[in-house]
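Novice: Once you've had a glance at the structure underneath, I'll fire off some questions.
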Amino acid sequence: MTDNQIPAELVMTGIAKVYGTNRAIDDISATVPAGQVTVIVGPSGAGKTTLLRIICGLDAPTSGQVHFDGAPIDGVPDGLAMVFQDYSRSLFPWLRVEANVGFPLRRIDKKLRRSRVMEALEAVGLAGKEHLYPWEMSGGMQQRVAIARALACHPRLLVMDEPYASVDAQTRAELEDLLLTIQATMKITVLVVTHDIDESVYLADNIIVLSKAPSRVSEEIPVRLARPRDQITTKEDAEFIRLRAHVLRLLRNIPEAPTGAGSLAAKVTA
Amino acid sequence: MSVLTRAAQPGVSASDLPRRSRLIGRRVVLSAIVPILILLVWWLGSLSPTKGLFIASPLATVVRTFQDFLGGNASHLFLGTVAWQDLLPSLWRATVGFWLALVVGVVVGTALGVKPVVAALFQPLVHLGRSLPTPALLGVFFLLFGTGDWPKVLLIAFGVIWPILFNTIDGVQGIGTGRAHVAEVFKLRRRDVLFRILLPGAAPKIFAGARVALSLSLIMMIISELQKSRNGLGYLLVATQRNFDYPGFWSVLLVLALIGIILNIIIVRIERRVLAWHQGATSQHD
Ligand SMILES: Nc1ncnc2c1ncn2[C@@H]1O[C@H](COP(=O)(O)OP(=O)(O)O)[C@@H](O)[C@H]1O
Ligand SMILES: [Mg+2]
């Protein structure tokens, strides 16, 4: 894509969100570094979707602030694109793939739009499928269309809310690798929300672990696994196994095993 | 039927073409049974010594329909005098009334659908309008709008707007927060949201409403012409009965039935075209 697309940095400070008497988010401060993959992982109901809605400017926090490249956000920031969890409700069944992907680009010239749509479809491996309707495709292909729609905007920050929660395991692995390839070639900032621990470790440069609601940041974990990652070799790496055990403990609120035995114990249980 | 298929079975060839054509033939035969029965009952009724006086025979009705509605020369587009004097004015009023209802119903329905506050504000009025029996308003419309075409057109529009209005509101509200978020995150233009998300998304519901409205508009068309009218099919129904012209009366009924059938064929065709995506999308989710 265009090489002047500088990845964006996102900073959350003291975010809280209260719905009536229900305190969904207590206090979240974290940084999503530019040009990296950050994964937010947390139990169901931890307020992950709520947090993303605040980051996207769809919803205002009760207190706290989000900065997008240093500027406080007010409304949806320019350069932010999103992939929603439920492709069947985020794509438009009355539009063909090409029109779906090009929809956000309706302000720009037709020829340029078409070339950007084709480029995005190419990137997600759907070249030649532009004349299909979403409902003529499998779930995995539909989610690729949703990813292509986000990429066609040339985003500086790509936000994804449990993007692979409704596809089968095989497709999920393919889409994880697709995301990593895209991120490596385009060098954009990626923020993914998931409740899948393996996925969080596999994708991330940084993991933000959330506690149960009212949620706080349990820990920010840097992941130093080598890239490019591989579904088999990365997942049998001792560091991968140690990290997934560590995240699981945090989520289940189990104290860490004594130092030294940690990685061994994790290996045995895995 | 079963005798037929069984007799043919031993000779079934590798090609399934004869089987296909037999299936189609079977469907044609099946769908012809009920109309033939109706014709038979009609014909028997016309022979009845007591009721026969009021029931023109099917043949007399068809002959009369051709004379009245199709007797013209080329300069009259081969349409008969009655077609020009009564059929076309009726259809014109029904068409204008229907389209008026469609436009107003979709515009108002969309406005009410996207603004829940406005919808709540107008809800009592809408329910009042819907529950008024439209035929009873005939006199009011004549008082308000004189005696020309307008009271009739407006009565038809008023009578048929409700299914369109309610279905549009329903359809627009059914778009869902998911698609609303897409529109917001991707900063879609307001008119794109309106014309490419809201209206297409609501189209299946709007179509269902329009279909009901279309058949209602024929009913309202007749009702609006029963009083204070100098032409139209409704007027003709009253006039022929008054003159004991039963073949004429029955020919009007036949024409009305034909209009209903033709309109239905047209709307099914349009629906198949415009809503192909809807059939595809819903069949995938089954
Ligand atoms: N619009 C809303 N109104 C009221 N409560 C909400 C709303 N959205 C989310 N919540 C509440 O906030 C909490 C977190 O929800 P959510 O962000 O969807 O969690 P997650 O995505 O982590 O599963 C839940 O208790 C949910 O009931
Ligand atoms: Mg969620």
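Novice: Using a simple spin-label model with points 7 Å from Cα along the Cα→Cβ vector, what separation in nm is obtained for B:LEU91 and B:VAL103?
Specialist: For B:LEU91 paired with B:VAL103, the spin-label model returns 2.1 nm.
Novice: Shifting gears a bit: If the cut-off is a Cα-Cα distance under 19 Å, which lysines reach A:LYS48, setting aside same-chain residues fewer than 8 apart in sequence?
Specialist: A:LYS17, A:LYS212
Novice: Whose amide H sits under 5 Å from the amide H of A:LEU210, counting only residues 5 or more places off or on another chain, with H placed in the peptide plane?
Specialist: Distant-sequence amide H within range of A:LEU210: A:VAL41, A:GLY42, A:SER218.
Novice: How large is ³J(HN,Hα), in whole Hz, for each residue of segment A:206-212 in order, when computed from phi with the Karplus curve 6.51 cos²θ - 1.76 cosθ + 1.60 and θ = phi - 60°, using x for Gly and Pro?
Specialist: Working through the residues one at a time gives 9, 10, 10, 8, 9, 7, 4 Hz.
Novice: Report the semi-axes of the equivalent ellipsoid for segment A:1-105 in whole Å, largest first, where each axis is √(5λ) for an eigenvalue λ of the Cα gyration tensor. Spell out each step's value before the answer.
Specialist: Working: eigenvalues 137, 77, 31 Å².
Working through the eigenvalues yields semi-axes of 26, 20, 12 Å.
Novice: Further question: Between A:LEU112 and A:THR21, what FRET efficiency comes out of the Förster formula 1/(1 + (r/R0)^6) with R0 = 51 Å and r the beta carbon distance, rounded to 0.05?
Specialist: 0.50
Novice: Here's something else I'd like to know. For the residue pair B:PHE195 and A:ALA71, what label-to-label distance in nm results when each label sits 7 Å from Cα along the Cα-to-beta-carbon direction?
Specialist: 3.0 nm
Novice: Additional query: In vacuo Debye scattering of the protein assembly as shown, one point per C-alpha: log10 I(q)/I(0) at q = 0.09 Å⁻¹?
Specialist: -0.85
Novice: Can you spot the lysines whose alpha carbon is less than 23 Å from B:LYS115's alpha carbon? Ignore those fewer than 8 places along the same chain.
Specialist: By straight Cα distance, B:LYS115 reaches B:LYS187, B:LYS205.
Novice: How big, in percent, is the set of alpha carbon pairs in segment B:75-278 lying more than 27 Å apart? Before the final figure, lay out the partial values.
Specialist: Values: 8414 of 20706 pairs.
Of all Cα-Cα pairs in segment B:75-278, 41 percent lie more than 27 Å apart.
Novice: Something else now. With the contact rule set at Cα under 8 Å and sequence spacing of 6 or more, what percent relative contact order holds for segment B:75-278? Mind dumping the intermediate values first?
Specialist: Working: 190 pairs, mean separation 55.1, N = 204.
Dividing the mean separation by the residue count of segment B:75-278 yields 27 percent.
Novice: Mind listing the long-range amide H neighbours of A:VAL83? Cut-off is under 5 Å, sequence gap 5 or more, other chains count too, H placed in the peptide plane at 1.01 Å from N.
Specialist: A:VAL159, A:MET160, A:ASP161
Novice: Still on this structure, please answer the following. When you have a sec, figure out the Kirkwood radius of segment B:187-286 from all distinct Cα pair distances and drop it here in Å to one decimal?
Specialist: Values: mean 1/r = 0.0601 Å⁻¹.
It works out to 16.6 Å.
Novice: How many nm is it between the label spots at B:VAL212 and B:HIS127, if each spot is 7 Å from the Cα in line with the beta carbon?
Specialist: Those two pseudo-labels are separated by 1.7 nm.
Novice: Which ³J(HN,Hα) values in Hz, rounded to whole numbers, follow from the phi angles of segment A:191-197 under the Karplus curve 6.51 cos²θ - 1.76 cosθ + 1.60, where θ = phi - 60° and Gly and Pro get x?
Specialist: For segment A:191-197, the Karplus curve yields 10, 10, 9, 8, 10, 9, 5 Hz.
Novice: Working out 0.36 nm times the residue gap between B:TRP42 and B:ILE266, then minus their Cα-Cα distance, what length gain in nm do you get to one decimal? Show your work: numbers first, answer last.
Specialist: Values: separation 224, 0.36 × 224 = 80.64 nm, distance 2.75 nm.
Answer, rounded to one decimal: 77.9 nm.
Novice: Looking at the P(r) of chain A, how many percent of alpha-carbon pairs lie beyond 34 Å? Write down the numbers at each step before the final one.
Specialist: Numbers: 6923 of 36315 pairs.
Within chain A, distances greater than 34 Å cover 19 percent of Cα pairs.
Novice: Kindly provide the helix-only [θ] at 222 nm of chain B, computed as the sum of -39,500 (n - 2.57) over DSSP H runs of four or more divided by all residues, to the nearest 500 deg cm²/dmol?
Specialist: Values: 12 runs with 212 residues, N = 286.
Value at 222 nm, helices only: -25000 deg cm²/dmol.
Novice: Just need the relative contact order of chain A here, percent rounded to a whole number, with Cα pairs under 8 Å and 6+ apart. Intermediate results must be reported in sequence, preceding the final value.
Specialist: Working: 504 pairs, mean separation 69.2, N = 270.
Answer for chain A is 26 percent.
Novice: Of the DSSP beta bridges with both residues in chain A, give the percent that are antiparallel, rounding to the nearest 5. If you can, show how the numbers build up before the last one.
Specialist: Numbers: 19 of 39 bridges.
Roughly 50 percent of the DSSP beta bridges within chain A come out antiparallel.
Novice: At 0.36 nm per residue, minus the direct Cα-Cα distance, what do B:ALA276 and B:PHE244 gain on full extension? Give it in nm, one decimal, please. Write out the running numbers ahead of the final one.
Specialist: Working: separation 32, 0.36 × 32 = 11.52 nm, distance 4.91 nm.
Here the answer is 6.6 nm.
Novice: Here's another thing I want to ask about it. Enumerate the calculated ³J(HN,Hα) couplings along segment A:62-68 in order (Karplus 6.51 cos²θ - 1.76 cosθ + 1.60, θ = phi - 60°), each rounded to whole Hz, writing x wherever the residue is Gly or Pro.
Specialist: 5, 8, x, 8, 10, 10, 10
Just so you know, all these numbers are worked out from the coordinates, no wet-lab data involved. All of these numbers come straight from a predicted model, not from anything done at the bench. In this analysis, Cβ positions are derived from the backbone assuming ideal geometry, glycine residues included, and neighbour counts consider all displayed protein chains.
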